[in-house]
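What follows is calculated from the coordinates using simple rules that are stated; it is not laboratory data. This structure is a prediction, so every number in the text was calculated from the model and none was measured. Here Cβ is always computed from backbone atoms with ideal geometry, including for glycine, and neighbour counts include all displayed protein chains.
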Amino acid sequence: MGTILVLLLAVDVSLGPIMTFLVFDRRKKSLPADLALIGVMQLAALGYGLHTVEAGRPHYLVFVKDRFEAVSKADLQAEDLQKAAGNPAAATALLGPVWAAAKPPADEKARQDVLMESALGGRDLQHFPQWYESLDNQRDGVKNRALDLDTLRRLNSDGLTVLDEAIRDSGLSQAQIGYLPLKGEESDASVLVSREDGHVITILPLKPW
């Protein structure tokens, strides 16, 4: 997403000067109108770029089974977003993602449909915001699924300084901290969690597997 943002900004910044260079001629009576049109086109391009970035950024970090999944609105179907309109756990924040947990639907048929779709490589629980709930409701699942930090150390021999700093800043001992994978669209990361009560401590740019 960062690469896309840089590309969109580069295109928008260069669009105006290039088009102005092509149409600029003091003798043209239509020059003011041409320049105004270029300005409108730049604003339209900027608006489209911001919309694209907003739709593609992570809106939710969803706990699913044994990991967290980064989910953007672009990953979700409009029908499911409408069904989630009254769900406070699916409300998005203006800045940054919202932590949530996915729970299986109570309806047996809906549950089987999701299992089948997931098995075929389609959508899984994180793609249905109408079934989100507060992460606090699944803290026991978070702490019970947390992996040992020794595993994280073995996977990231070059990132031990970052990990040690995070442990020190948390005020907890290493034995009191575990981690869960965070699966993202472009790259994966690791979420440090408390093995005492399951609360999220921080996200680290370390390989989780």
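Let's see if you can work this out: charge +1 on each Lys and Arg Cβ, -1 on each Asp and Glu Cβ, no other charges. What is the dipole magnitude of the stretch 59-138 about its Cα centre, in debye to the nearest 20?
I would put it at about 80 debye.
When a footprinting reagent is the concern and you count Cβ atoms within 10 Å, what order do F68, F128 take, fewest first?
Values: F68 30, F128 22.
Listed from fewest to most nearby Cβ atoms, that is F128, F68.
What do you get for the angle between helix 31-56 and the principal long axis of the chain? Use alpha-carbon atoms, 0 to 90 degrees, nearest ten.
Value to nearest ten degrees: 10.
Which pairs, out of K143/K207; K109/K143; K73/K207, put more than 27 Å between their alpha-carbon atoms?
K109/K143
Mind telling me which of A90, A33, A100 comes out most flexible in a GNM of the chain, alpha-carbon contacts under 10 Å?
Most flexible of the set in this elastic network: A33.
Among DSSP beta bridges lying fully in the chain, give the percent that are antiparallel, nearest 5.
Working: 20 of 26 bridges.
Around 75 percent antiparallel, to the nearest 5.
With 10 angstrom as the radius, rank L37, L61 by how many other C-beta atoms surround their C-beta, starting from the fewest. Could you put the intermediate results ahead of the total?
On the way: L37 13, L61 23.
The most exposed by this proxy come first: L37, L61.
Run the dipole for the stretch 146-208 about the Cα centre, Lys and Arg Cβ at +1, Asp and Glu Cβ at -1, nothing else charged, and hand back the magnitude in debye, nearest 20. Please report the intermediate quantities before stating the final value.
Details: 6 positive and 11 negative charges, 29 e Å.
Using Cβ point charges on Lys, Arg, Asp and Glu, the stretch 146-208 gives about 140 debye.
Where a Cα-Cα gap under 27 Å defines reach, which lysines qualify for K29, not counting those fewer than 8 residues away within the same chain?
Within reach: none.
If you build a Gaussian network model of the chain, linking Cα atoms that sit under 10 Å apart, which residue out of L76, L120, L163 swings the most?
Judging by the Gaussian network model, the answer is L120.
Please check: in the Gaussian network model of the chain (C-alpha springs, under 10 Å), which one of A36, A44, A84 has the largest mean-square fluctuation.
A36
Of the listed values (i) 76, 48, 30; (ii) 58, 40, 30; (iii) 55, 35, 31, grab the one calculated as Cα extents along the principal axes in Å from the structure here.
Answer label, from the structure shown: (i).
Starting at the first residue of the stretch 198-209, write each ³J(HN,Hα) from the Karplus equation 6.51 cos²θ - 1.76 cosθ + 1.60 with θ = phi - 60°, in whole Hz, x for Gly and Pro.
x, 7, 6, 9, 6, 10, 10, x, 10, 5, x, 8
Would you please report the Å³ per residue occupied by the convex hull of the alpha carbon atoms in the stretch 59-138?
Values: hull volume 7.8 nm³, N = 80.
Roughly 98 Å³ of hull volume per residue.
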